[in-house]
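Report on the following structure.
The values are calculated or read from the model by the stated rules, or taken from the named source; none is laboratory data. Only a predicted model underlies this, so the values are computations on that prediction, with no experimental measurement involved. All Cβ positions, even for glycine, are placed from backbone atoms using ideal geometry, and neighbour counts span all protein chains on display.
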Amino acid sequence: MQKKLQLRAICLGLAACAGLSAEAAVVGCNTDATTSVLAVNNELGAYCVSDYGWSNTWYSTSNNHPIPSVYDQELDLFSGDDAVNLSFSILDESGPIPVTGNGWLTPTLDAGALFPFYNTNSNWSVRSPVQYTTPGDETKTQSVIRLTLPGNLGVIDSVIDTIMMPDGAVRQFYTLINNSDALLTDITFADYFNFHPNGSLIAATQEGFTSIDNGTATVIGNRALPNYIGNGFMHLIDENGNHVTPTRQDIGCADVLGFDPNCALTGGAAIPRVETRTYNGLAGPIGPGDLAATLAFDSPAVLGDGESITFGLEKRVVPEPAALLLVGVGMIALALGRLSGSLKRV
């Protein structure tokens with residue numbers, strides 16, 4: 001995640017983008033009426049991504065699950081969200097001045113529901129809607145969003161590239177470009193990951209155990225149940241795909257309304273902590289329950305006019321091989337033991 005002075009060639013939604021295809025694949029995305037959504041997909045899975053990079057639908061063909069042509073809650077691995085929070089300040093004589101509000105790129109989140117009801121107060125707008133990067137190739141999308149700085153200082157662009165890798169992993173790259181007269185500082189990039197190994201039916205969302213180990217967020221489901229799809233993993237990467245160690249982390253419940261009893265075990269819902277950058281540092285495993293893991297990276301970079309920085313994420317669905325089944329059962333037993341001990345102390 002190093003500062004990049006020489007920008008790669010990017011499509012900014014102008015005349016050069018006119019010939020690119022925006023026709024969606026036949027995939028049942030759970031759409032948001034406020035933004036465009038496309039599915040990056042191949043034979044191993046489909047990840048529905050919006051203009052702002054946010055997703056609330058992810059299908060995997062692991063364990064012979066098909067990719068549905070209409071939205072199927074039972075096969076959806078995201079009833080909540082996978083969403084990026086990007087915060088920074090502008091630097092003047094008096095010091096840093098925050099300009100990103102709550103930091104979310106997307107204007108709405110599901111926040112543990114099946115529809116986007118949570119207003120994030122995002123300051124970003126769409127410059128170029130999400131579209132397939134190359135005509136006929138549905139494995140890569142790109143969009144561009146823009147933030148206008150106060151005081152006629154200029155604009156900040158974020159180019160969002162989403163890629164479905166040949167092995168079924170999803171990679172996303174967020175390139176922050178300073179097209180202003182201001183210096184950007186206090187840059188924090190975070191991903192909020194609310195994954196459901198057993199699908200997004202209400203009961204199934206309570207079956208996952210969430211942990212963070214060596215910079216990787218892991219959500220393990222109940223393989224013994226017929227609705228098991230696969231375990232989920234997420235970690236930060238740089239522009240070259242190399243693993244990046246987060247500087248902060250959080251595990252919390254996805255329900256911002258506080259009805260989920262797991263909120264008491266994690267100090268409340270995760271979303272408000274992401275917005276205020278007050279991460280709880282929990283590692284888990286915690287569960288079972290509708291939980292979200294967040295990984296954050298605080299960059300020391302200070303960006304001047306024309307400079308940029310790229311942050312990345314990698315997410316994958318991995319069914320447990322039979323040889324690792326006992327390991328998974330052991331982790332679930334450990335988590336149950338910790339949960340039982342926590343409840344006795346309440």
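Consider residue 155 carefully, then state whether it is closer than 20 Å to residue 312 by Cβ, at pLDDT 95 or above and among the β-branched types (Val, Ile, Thr). Criteria not met by residue 155. Residues in the range 101-112: is at least one more than 24 Å from residue 284 (Cβ to Cβ) and touching a helix residue (DSSP H, G or I) at 6+ places or on another chain (Cβ under 7 Å)? Yes, that holds for at least one residue.
Screening the candidates 143, 122 for the property of being in a strand (DSSP E or B) and either crowded, with 21+ Cβ neighbours inside 10 Å or among the hydroxyl-bearing types (Ser, Thr, Tyr) (or both) yields one hit, 143.
Applying the condition of being over 18 Å from the mean Cα position of the chain (by Cα) and either within 16 Å of residue 272 (Cβ to Cβ) or charged (D, E, K, R) (or both) to the range 131-140 and asking which residue is surrounded by the fewest Cβ atoms within 10 Å (Cβ to Cβ) yields 137. Which one is surrounded by the most Cβ atoms within 10 Å (Cβ to Cβ) among residues in the range 230-277 that are of a type in the set (Asp, Glu), at pLDDT 95 or above and part of a loop (DSSP other than H, G, I, E, B)? It comes out as 239.
Selection of the range 39-77 for residues being surrounded by 24 or more Cβ atoms within 10 Å (Cβ to Cβ), among the aromatic types (Phe, Trp, Tyr) and more than 23 Å from residue 276 (Cβ to Cβ) yields 47, 58, 59. Any chance the range 116-134 includes a residue that's more than 18 Å from residue 53 (Cα to Cα), out of contact with any Lys or Arg (no Cβ under 9 Å at 6 or more places or on another chain) and not charged (D, E, K, R)? Within the range 116-134 (the criterion being more than 18 Å from residue 53 (Cα to Cα), out of contact with any Lys or Arg (no Cβ under 9 Å at 6 or more places or on another chain) and not charged (D, E, K, R)), the answer is no, since none of the residues qualifies. When you go through (1) of a type in the set (A, V, I, L, M, F, W, C); (2) surrounded by 23 or more Cβ atoms within 10 Å (Cβ to Cβ); (3) at pLDDT 95 or above one by one for residue 204, which number turns out not to apply? It fails just one condition, (3). Of 128, 89, 36, all but one fail to be touching a residue at least 12 places away in the same chain (Cβ under 8 Å), buried (at least 20 other Cβ atoms within 10 Å of the Cβ) and hydroxyl-bearing (Ser, Thr, Tyr); the exception is 128.
Okay, residues lined up against (1) of a type outside the set (S, T, N, Q); (2) touching a residue at least 60 places away in the same chain (Cβ under 8 Å); (3) more than 22 Å from residue 86 (Cβ to Cβ):
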position: 204; (1), (2), (3): yes, yes, yes
position: 209; (1), (2), (3): yes, yes, yes
position: 219; (1), (2), (3): yes, yes, yes
position: 225; (1), (2), (3): yes, no, yes
position: 241; (1), (2), (3): yes, yes, no
position: 244; (1), (2), (3): yes, yes, no
position: 252; (1), (2), (3): yes, no, no
position: 262; (1), (2), (3): no, no, yes
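Of the residues making up the range 88-119, those that are polar (S, T, N, Q) and under 15 Å from the mean Cα position of the chain (by Cα) are 106, 108.
Considering the range 39-78, the residues that are of a type in the set (D, E, K, R) and without any contact (Cβ under 8 Å) to a residue 60 or more places away in the chain include one that is nearest to residue 292 (Cα to Cα), namely 72. The criterion of being in contact with a Gly (Cβ under 8 Å, 6 or more places away or on another chain), crowded, with 22+ Cβ neighbours inside 10 Å and aromatic (Phe, Trp, Tyr) holds for residue 193.
Yes/no per residue for (1) modelled with pLDDT under 95; (2) of a type in the set (Ser, Thr, Tyr):
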residue	(1), (2)
131	no, no
135	yes, no
139	no, yes
146	no, no
150	yes, no
161	no, no
165	no, no
173	no, no
178	no, no
